[in-house]
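In what follows, a structure is listed as structure tokens, so that the remarks can point back to it.
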Amino acid sequence: KMEKLFYPKSVAVVGVSESHDNLGKNIVKNLIDFEYEGPIYPVGPKGGDVFGLRIFESLKDIDGKIDLAVFLISAKAVVAQFETCAELGVKRVCISSGGFSELGEEGKVLEEKLLGIARENDMRFLGPNCISFINQDAGVCLPFVRLSRFQNGSTALLTQSGGVGLSFINMFQGENIGINKYVSLGNKLNIGEPDLLPFLEKDPNTK
């Protein structure tokens, strides 16, 4: 069922504001620059607009169906937003936020809550503590670091750390090796290599 993650028909980006140092905006811009064709829904409590798109104050304000939600908000705010996704029937979520078990007990408790909600609602999620993923076939580019289009190819790359992943992508570009799909796994709480490798083995664009 990883197709649903890699080929979403619409994407909500939670944690976007008009503020000049907001990182959520970078995710929206990456989707635009990588020519994602589905609806993009920026979400943030202050509203406003970004790159000509309305910032919805809540996920519940969005009329269309949300296929994939990406969170870049404080760890403490993640559980409530994840519950909202469960209510709205959003089955795929990327949690880019850090502040979970990598920081100790308190974060572990939050992770347990997420796993419980995911189990009860048949949801799958990437992360937390990751920079999400890129699928060049569908124009999906979700890191919160601004990226420009890079060479597409037939290589898929999985790394735990986002920083390491992005430096590999740069290095591969220097060697003329195009990356088709990239995943930053982060804490691997719900989606890990055992989910992704069988999908990539069958993926016609991953050689």
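Taking all Cα pairs closer than 8 Å and separated by 6 or more residues, the relative contact order of the stretch 121-166 comes to 31 percent. Taking packing as the residue-averaged number of other Cβ atoms within 10 angstrom, the listed peptides 120-131, 149-160 run from highest to lowest as 120-131, 149-160.
Taking amide H as placed 1.01 Å from N in the peptide plane, the amide H of residue 160 sits under 5 Å from that of 185, each at least 5 places away or on another chain.
In summary, the convex hull built on the alpha carbon positions of the chain has an orientation-averaged projected area of 10.7 nm². Relative contact order of the stretch 98-178, taken over Cα pairs closer than 8 Å and 6 or more residues apart, is 20 percent.
Less than 5 angstrom separates the built amide H of residue 69 from those of 12, 92, 93, 94, all sequence-distant by 5 or more or on a different chain.
Normalised by the number of residues in the chain, the average gap of Cα pairs under 8 Å and 6 or more apart makes the relative contact order 20 percent. Expressed to the nearest 5 percent, the antiparallel share of DSSP beta bridges inside the chain is 25 percent. Annotation for the stretch 1-72: trypsin sites (Lys or Arg not before Pro) lying in DSSP loop with at most 12 further Cβ atoms inside 10 Å of their Cβ are 1, 46, 65.
The lysines whose alpha-carbon is closer than 29 Å to the alpha-carbon of residue 46, local same-chain residues fewer than 8 away aside, are 9, 25, 29, 60, 65, 76, 91, 113.
Taking all protein chains into account, the per residue accessible area for the chain stands at 47 Å² (1.4 Å probe).
May I ask you to compute the full-extension gain from residue 149 to residue 205, defined as 0.36 nm times their residue separation minus their alpha-carbon distance, rounded to one decimal in nm?
Length gained, residue 149 through residue 205: 18.4 nm.
For the stretch 37-143, the Cα-based Rg and Dmax, in that order, read 13.9, 41 Å.
Highest mean first, the peptides 167-180, 90-103, 10-23 sorted by other C-beta atoms within 10 Å per residue fall in the order 90-103, 10-23, 167-180. Rounded to the nearest 20, the size of the Cβ-charge dipole of the chain about its Cα centre is 180 debye, with Lys and Arg at +1 and Asp and Glu at -1.
Within the accessible surface of the chain, defined with a 1.4 Å probe on protein heavy atoms only, the carbon and sulfur portion equals 50 percent.
The values are calculated or read from the model by the stated rules, or taken from the named source; none is laboratory data. Just so it is clear, the model here is predicted, and its values are computed rather than measured. Cβ coordinates were reconstructed from backbone atoms using ideal geometry, including for glycine residues, and neighbour counts include every protein chain displayed. Quick note on the areas: whole protein, heavy atoms, side chains included, nothing else; ligands and nucleic acids left out. Shrake-Rupley method; radii C 1.70, N 1.55, O 1.52, S 1.80 Å.
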